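The values are calculated or read from the model by the stated rules, or taken from the named source; none is laboratory data. As the structure is a computational prediction, the values presented were derived from the model and not from experiment. No Cβ is skipped: glycine too gets one built from the backbone with ideal geometry, and neighbour counts run over all protein chains shown.
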Amino acid sequence: MAEILVLVDHVDGEVKKVTFELLTLARTHGEAAAVWIGPGYEGAKDKLAEYGAAKVYVAADEELDSYVVAPKVELLAQLVADKSPAAVLVPATGEGKEIAGRLAVKTESGVLTDVVGVADGFVGEHSIFGGAIVTHAKVTKGTPILAVRPNSTAPEASPSTPAEEEVSVTLSDAAKATRVVEKVVQEKGERPELTEAAIVVSGGRGVGGADNFKLIEELADSLGAAVGASRAATDAGWYPHTFQVGQTGKTVSPQLYIAVGISGAIQHRAGMQTSKTIVAINKDSEAPIFELVDYGVVGDLFQIAPQLTEEITKRK
């Protein structure tokens, strides 16, 4: 069975959920071979085994983490040349897309970005025009390199005992051209990360202003949820753009998604329509969001959201 390289997305050894999604996807098409770059592997190896990595290529040299993306690209390019994998899967994050593009150039291969599904023969599925149209594309040259959108595949555990192989690469001068001179740890609040949360509560134009987002935060906190926002709300400056859910923001796929005061424009739906259960609160009974939901509440969010928060708090 052919190997499929999966680039592990981690921060100081903490593996991101998208990696488990990629391992799950890789297992359906071949043998999942995780590629670990940087320090922290010992604390994460059990999670990679839990999600079915058949093999792990470990490049623990801290120097690889001292520059921007070029060293990762050079290591992956060396593995492509040495191991002849069937494909390479990377997360379609900002860094992942850059790695995919650079790797495609180095290996003279085709690249597909923002893939939401992979069919036999590594045919990539894309959701375009806000999810209104699904297209398919296939790499015709070299090793298929696919940047897969986070939250497009449900991660499934499949415990394994992966073989480990230490790998290294001699970096070129070009790869060392841009060095990371400082890393600042971002302060994390008590809420879960938006793209990895099991529950997300998002506010939109109907919230009416930045101060009113307190209602969204209180509802989210009562559920232990992450807070999201529509593009209209972030463009208006009511909530930071890093919390935008939608085609030009983040894609989420939680167990429960609550849309408060969001009309449900196609751009927003593209970022949350794969959520397992969707609830909407909107005073407009004709809002497009109601075409998508499992449960819809027609009414004034300024009355409903506080009542819902109060009732949830009572039942804890």
Just for region 198-212: of the residues that are surrounded by fewer than 21 Cβ atoms within 10 Å (Cβ to Cβ) and among the hydrophobic types (A, V, I, L, M, F, W, C), which one is nearest to residue 309 (Cα to Cα)? 199
Given the conditions (1) under 30 Å from residue 27 (Cβ atoms); (2) in the same structural domain as residue 60 (by TED's automatic domain parsing), report the number of the one that residue 172 does not fulfil. (1)
Please go through (1) surrounded by fewer than 23 Cβ atoms within 10 Å (Cβ to Cβ); (2) free of Cβ contacts under 8 Å to residues at least 40 places away in the same chain; (3) touching a Leu at 6+ places or on another chain (Cβ under 7 Å) for residue 237 and return the number of the only condition it doesn't satisfy. (3)
Can you tell me how many residues in region 27-42 are more than 30 Å from residue 119 (Cβ to Cβ) and touching a strand residue (DSSP E or B) at 6+ places or on another chain (Cβ under 8 Å)? 3
Considering only residues of region 189-218 that are modelled with pLDDT of 95 or more and among the polar types (S, T, N, Q), which is farthest from residue 258 (Cα to Cα)? 212
Among the residues of region 297-306, is any in contact with a His (Cβ under 9 Å, 6 or more places away or on another chain), outside any loop (DSSP other than H, G, I, E, B), in the same structural domain as residue 217 (by TED's automatic domain parsing) and farther than 22 Å from residue 211 by Cα? no
What do you reckon, is residue 96 in the same structural domain as residue 155 (by TED's automatic domain parsing), outside any strand (DSSP E or B) and more than 16 Å from the chain's Cα centre (by Cα)? no
I'd like the full set of residues that are in contact (Cβ under 8 Å) with a residue 60 or more places away in the chain and of a type in the set (S, T, N, Q), limited to region 240-260. 247, 251, 253
